[in-house]
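Take a look at the structure below.
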């Protein structure tokens, strides 16, 4: 039976939480998803291959669990309905940066789950294209296509929001 040291798993928990929050947009649900993914990882530790990146394997488990949850319970529909019911927050006018970040967040929420997941793993978590494609169980070409479509969509949303391309220091996507 293949095992991995607990300390190697725990060092990836913060990244797994960030990714889960990106997918679910809810801290409590994200913690539950990470917990479920870690239980699966320990339960199926014998399936881990030491030649594969532990980080990528954990992201893959978490992502697959998320997809299963969406299919089984319609999580996405309930979540979008709940988000639509929330009143829009307007930061004080002197906090222009917070307003801009809020616009960026809204734009990210408008991306499809597939595009947001691909973009998050590569841009926010720093996974290589190959690692991200492996974590999502998709071909690398599909990953690149999703990232490209996500970046294009973010640019379109950004230009629509402010009427001109964003200033470079406020962009969250890298070309």
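Read-outs throughout are calculated quantities, based only on the coordinates presented, and are distinct from any laboratory measurement. On a predicted model such as this, the values are computed, not experimentally measured, just so you know. Glycine gets a Cβ as well: all are built from the backbone with ideal geometry, and neighbour counts include every protein chain shown.
Descriptive notes on the structure:
- Here r is the Cβ-Cβ distance between residue 123 and residue 46 and R0 is 25 Å; the resulting FRET efficiency, rounded to 0.05, is 0.15.
- Ascending count of other beta-carbon atoms within 10 Å, so fewest first, for 129, 19: 129, 19
- Extension gain from residue 72 to residue 97, taking 0.36 nm per residue of separation minus the Cα-Cα distance: 5.1 nm
- Residue 8-residue 160 pseudo-label distance in nm [points 7 Å out on the Cα-to-Cβ vector]: 4.5 nm
- 5 Å binning of all Cα-Cα separations within segment 1-88, expressed as whole percents from 0 upward: 3, 13, 24, 23, 15, 10, 6, 4, 2, 1, 0
- In nm, spacing of pseudo-spin labels at residue 81 and residue 112 (7 Å Cα→C-beta vector): 2.3 nm
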